[in-house]
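To start, the structure itself, in structure tokens.
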């Protein structure tokens with residue numbers, strides 16, 4: 001399911017998580033982000049510096065558009081209107097509105113219903129419980145930043161206790177879920193698969209002695225491989241290699257095309273490798289193993305690739321250790337719609 005709007009909630013204590021999240025989203029991210037953030041006037045410049053998206057202060061009457069992040073100005077909350085525009089609502093002891101988070105979420109739930117995604121990074125105690133409950137009742141999705149990575153659990157705990165959250169994730173998982181190809185499908189169903197794939201990738205990396213790698217997927221009927229999970233590569237790599245033509249000469253594309261393991265000890269020796277034109281490529285060696293499924297016939301649905309800072313050729317033991325991991329990954333890939 002593609003979300004028409006994502007609402008984010010962050011108090012000053014949640015700004016570091018918000019900055020991190022925005023820094024991990026590619027410029028192609030298509031869902032508008034509307035943020036109630038209680039912070040300082042310099043926040044706009046701070047977040048714009050970190051993000052590839054366009055960050056702006058929300059103004060009354062603005063129409064939300066993809067590629068934009070809309071911030072509430074200090075001392076205000078936002079309201080989503082039925083015509084797709086934003087409204088401004090003051091709050092505070094002088095105002096009748098004391099729950100800025102609830103104001104945004106309740107209005108957004110009434111407009112976007114099941115096509116609304118809400119991310120709770122940090123906020124005020126109990127403000128947001130009623131709003132998140134409305135989002136859930138309308139069929140939307142509520143994700144909470146987990147206790148392990150949230151510096152202040154504060155707001156999230158009452159929401160979780162009230163049963164108004166779908167899943168608790170850490171900030172890296174939130175960013176990966178948003179930027180991956182799963183954003184065009186059901187986020188929650190695919191997030192479960194994605195988390196398991198990430199664990200398999202991390203195991204493969206440990207066995208291979210590297211800190212970089214990714215798993216790519218080729219959807220049926222598509223001529224491109226999309227990154228599902230990655231580790232150690234950063235958003236610049238994702239921007240460049242997120243969707244690669246299946247006929248290119250990267251190891252993972254060749255592995256899918258030829259349905260066999262591909263080793264490129266040093267991409268510098270490959271004149272047609274797409275990475276040769278990427279100035280900040282953080283690795284030299286590639287080892288890609290296709291994710292093969294055999295029903296109704298043998299097909300490669302993707303590839304698991306480990307990447308190395310130095311020239312690298314896998315040992316026989318290293319390759320054998322990846323066999324069971326690749327089988328599990330192939331099974332998981334088939335569960336993605």
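Numbers at a glance
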{"read-out": "Looking only at segment 4-17, and only at residues there that are at pLDDT 85 or above and within 26 Å of residue 233 (Cβ to Cβ), the one that is surrounded by the most Cβ atoms within 10 Å (Cβ to Cβ)", "value": "8"}
{"read-out": "Selection from segment 37-52 of residues that are assigned to a helix (DSSP H, G or I) and in contact with a strand residue (DSSP E or B) (Cβ under 8 Å, 6 or more places away or on another chain)", "value": "43, 44, 47, 48"}
{"read-out": "Filter result (part of a helix (DSSP H, G or I), touching a residue at least 12 places away in the same chain (Cβ under 8 Å) and more than 17 Å from residue 290 (Cα to Cα)) within segment 203-227", "value": "207"}
{"read-out": "Meets criteria (touching a residue at least 40 places away in the same chain (Cβ under 8 Å), surrounded by fewer than 17 Cβ atoms within 10 Å (Cβ to Cβ) and either out of contact with any helix residue (DSSP H, G or I) (no Cβ under 6 Å at 6 or more places or on another chain) or farther than 15 Å from residue 7 by Cα (or both)) for residue 61", "value": "no"}
{"read-out": "Filter pass, residue 207 being surrounded by fewer than 20 Cβ atoms within 10 Å (Cβ to Cβ), closer than 20 Å to residue 29 by Cβ and assigned by TED's automatic domain parsing to the domain that holds residue 319", "value": "no"}
{"read-out": "Neighbours by Cβ (under 6 Å, 6+ apart or cross-chain): first from segment 228-241, under 17 Å from residue 27 (Cβ atoms); second modelled with pLDDT under 85 and surrounded by fewer than 19 Cβ atoms within 10 Å (Cβ to Cβ)", "value": "236/280; 240/278"}
{"read-out": "Pick from segment 1-36, criterion within 22 Å of residue 87 (Cβ to Cβ) and assigned to a loop (DSSP other than H, G, I, E, B), ranking: farthest from the chain's Cα centre (by Cα)", "value": "11"}
{"read-out": "Set 220, 260: member being surrounded by fewer than 16 Cβ atoms within 10 Å (Cβ to Cβ), closer than 30 Å to residue 30 by Cβ and not assigned by TED's automatic domain parsing to the domain that holds residue 172", "value": "220"}
{"read-out": "Positions within segment 27-36 being surrounded by 17 or more Cβ atoms within 10 Å (Cβ to Cβ) and out of contact with any strand residue (DSSP E or B) (no Cβ under 7 Å at 6 or more places or on another chain), in sequence order", "value": "29"}
{"read-out": "Residue within segment 322-335 that is under 23 Å from residue 233 (Cα atoms), out of contact with any helix residue (DSSP H, G or I) (no Cβ under 8 Å at 6 or more places or on another chain) and part of a loop (DSSP other than H, G, I, E, B) present", "value": "no"}
{"read-out": "Residue among 111, 101 that is at pLDDT 80 or above, in contact with a helix residue (DSSP H, G or I) (Cβ under 9 Å, 6 or more places away or on another chain) and outside any loop (DSSP other than H, G, I, E, B)", "value": "101"}
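The values are calculated or read from the model by the stated rules, or taken from the named source; none is laboratory data. If you're wondering where the values come from, they're calculated on a predicted model, not measured in any experiment. Don't worry about glycine lacking a Cβ; one is built from the backbone with ideal geometry, like all the others, and counts go over all protein chains shown.
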